[in-house]
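Values quoted throughout were computed directly from the atomic coordinates according to the rules given, and no laboratory measurement underlies them. Given the structure is predicted, the values throughout are model-derived calculations rather than measurements. Cβ atoms come from the backbone with ideal geometry, glycine included; neighbour counts cover every protein chain shown.
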Amino acid sequence: MTLRDLTRHLLWPGLLQTPRLALAPVSLGACTLVALVVSLLDWVWPRSLGLPESWTGVVSEPLGRAGAVLGTAYAELRAGMLGNAFESMTTLLLRVPAEMAREYWPSIPVALLGTAGFAWATTVGARAAALRFGRHQHAPTGQTLALANERTRSVVAAWLTPLVIVYLGAAGLWLMGGMLRVGGLNVVTALLLPVPLALSVLVVLIATIGVIGALLAPGAAAADNADGFDIVQRTYAYVIARPLHMLVHLAVLAAVVSVAVGVAGAVVAAAGRFWLLAADVRLADDAPLLKADGSVGQAGKLAHFWFSMLGVVMTGWAVSLIGSASAVFYLTTRRLVDGQLERELYAPGLISGTMVAADAAVATPAATGAAKGAGGAGTGRVEAGPTGGTT
């Protein structure tokens, strides 16, 4: 009797495989490539336009601010200050994007490109993790990249749809708030106050479920080749059907990802620090080695570049980890709600969102009936992978 035998019918232990799944070569390579390209654009784009150096950081600065707000919200949540935590999350959704667009408006194209790249990379990671988790197969590079190319727009659409609804709802509430200060309309608006209150509840629910949906989106696209509308619809259906189970799985997954990122970050930082101390080299931005003339300065800059690659690879693995978490979270949730096995994944030749082969879908009723009479072989069901893929 092994631990796997004891946990065979449990779903949450499968979430513990996420860090290992993120090491798939195609996933790690694609995510690291996106991290490298976005980092270079983040540095080159403002300089190519002759903009002030203060505009450098259109990717790193928003992430830093978002991380600070999330850290504050997490601390407030642990302290039981639910109202303050919600206010922090509202700041993250409404104020931070507006501030970043105002301060870094020339670099908005880089931010949009980074969003598309992040969606593509997480979809690659989700596909690789889904195949490894569900079928114990290594992801074919060509098919994995082709599916990610096809479904990147769907993932971005699934991310943006709740945000657009939230922003429209916030605009409506702002308009109603302004009407309270207009003579002749304020009394009528006050009488209709239950309407904006109900709208506020609806917006909060959409935003809350949208956060979970943002994590499920790459997994849904990778596992079922779902489009943007289907991803949003499945997310809301899953959350409404099993909210407590999803919250428990999400908490376990958040703990696993946090520990994995913390440990990996500590190892990378220690390795870099050890190299600097052993080589007796200083590579800070104001280091004399980087400002020296001739080959000494060039060697220092090249060493600084390779040293910074540690951070790029770490970022790539973190993005791959998000994609892997999305796939595992989606497959376990789909199994919980729909009873669909993890090994049942979309493959070329199948109809999106089903396990039915495209040629079987056009079979005539007579042919289908004859196949059933011959032993049920005409059901159109495709057996996808080995039976040992459940958790």
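A few remarks follow.
- Ranking Trp159, Gly83, Ala111 by how far each Cα lies toward the positive end of the dipole of the range 76-193 (charges on Cβ) leaves Trp159 at the top.
- Net charge of Cβ neighbours under 13 Å - reference Thr333; Lys, Arg +1; Asp, Glu -1: +1
- Most tightly packed first, judged by the mean number of other beta-carbon atoms within 10 Å of their residues, the peptides 225-236, 324-335 read 324-335, 225-236.
- Phi angles across the range 238-250 convert, under the Karplus curve 6.51 cos²θ - 1.76 cosθ + 1.60 with θ = phi - 60°, into 3J(HN,Hα) values of 5, 5, 5, 6, 9, x, 5, 4, 5, 5, 5, 4, 5 Hz, Gly and Pro given as x.
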